[in-house]
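Participant: This is the structure I want to talk about, given as structure tokens.
The values are calculated or read from the model by the stated rules, or taken from the named source; none is laboratory data. Computed from a prediction, not measured in an experiment: that's the story for all the values here. As a convention, Cβ positions derive from the backbone with ideal geometry for all residues, glycine included, and neighbour counts pool all protein chains shown.
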Amino acid sequence: MPHSPRPSVHKGSESIDDYLKAIFALGGAEGRRVGSTALADRLKVAPASITNMLQKLAAAQSPLVEYERHRGVRLSDMGRRRALEIVRHHRLIETFLHRMLDYNIDELHDEAERLEHFISERFEARIDAKLGYPDRDPHGCCIPALDGTMPPSHRMRCNCPE
């Protein structure tokens, strides 16, 4: 079933998107706090760089994270919406590449990583419609809806890491 368009959420750089996606993945659906060391390991970035970026994201006019030194970080509501938008882009792109362009499953992730930051909302909507509004990607992970919710099968019949 078609989704209604959503206003774009806080567009940032690829790096910011990668941070938000990593915090989302490590913090899970519950939004647990994530330590700087775990984030540095996941992103393969120096701990000092992690601290600088988290401070920047927390101090923004519309903060994307809630950060407390020595307590870790979690996504703000706006940060969670942006992280889910990027996860949606990634999983729709993987599905498109697999179904329509015959990419092998082991090629999907890296290609989707490169493209997820750059697709327009219009392009996203066309991919979604062309694919018949899928709720799971080729890996069995749920594709978030436009409003950031997961399909009813989330956590019951999926392979979602979060």
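Participant: Quick check on my filter: what residues within the stretch 136-153 are buried (at least 17 other Cβ atoms within 10 Å of the Cβ) and among the charged types (D, E, K, R)?
Facilitator: Arg136, Asp137
Participant: Okay, next question. How many of the residues in the stretch 126-149 are in a loop (DSSP other than H, G, I, E, B) and touching a residue at least 24 places away in the same chain (Cβ under 8 Å)?
Facilitator: So the count comes out to 13.
Participant: Residues Leu64, Leu131: which one is touching a Leu at 6+ places or on another chain (Cβ under 8 Å) and assigned by TED's automatic domain parsing to the domain that holds Leu26?
Facilitator: Leu64
Participant: For the stretch 45-118, give me every one of the helices (runs of 4 or more DSSP H) that falls completely inside it and has 3 or more residues that are among the polar types (S, T, N, Q) and surrounded by fewer than 23 Cβ atoms within 10 Å (Cβ to Cβ).
Facilitator: Because the criterion is at least 3 residues that are among the polar types (S, T, N, Q) and surrounded by fewer than 23 Cβ atoms within 10 Å (Cβ to Cβ), the helices (runs of 4 or more DSSP H) in the stretch 45-118 that meet it are 47-59.
Participant: List pairs: first in the stretch 107-125 and touching a residue at least 40 places away in the same chain (Cβ under 8 Å), second among the polar types (S, T, N, Q), Cβ under 7 Å, 6+ apart or cross-chain?
Facilitator: Within 7 Å, the pairs are Glu121/Ser8.
Matching residues to (1) closer than 20 Å to Phe118 by Cα; (2) modelled with pLDDT of 95 or more:
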residue: Ala48; (1), (2): no, no
residue: Gly72; (1), (2): no, no
residue: Arg82; (1), (2): yes, no
residue: His90; (1), (2): yes, yes
residue: Leu101; (1), (2): yes, yes
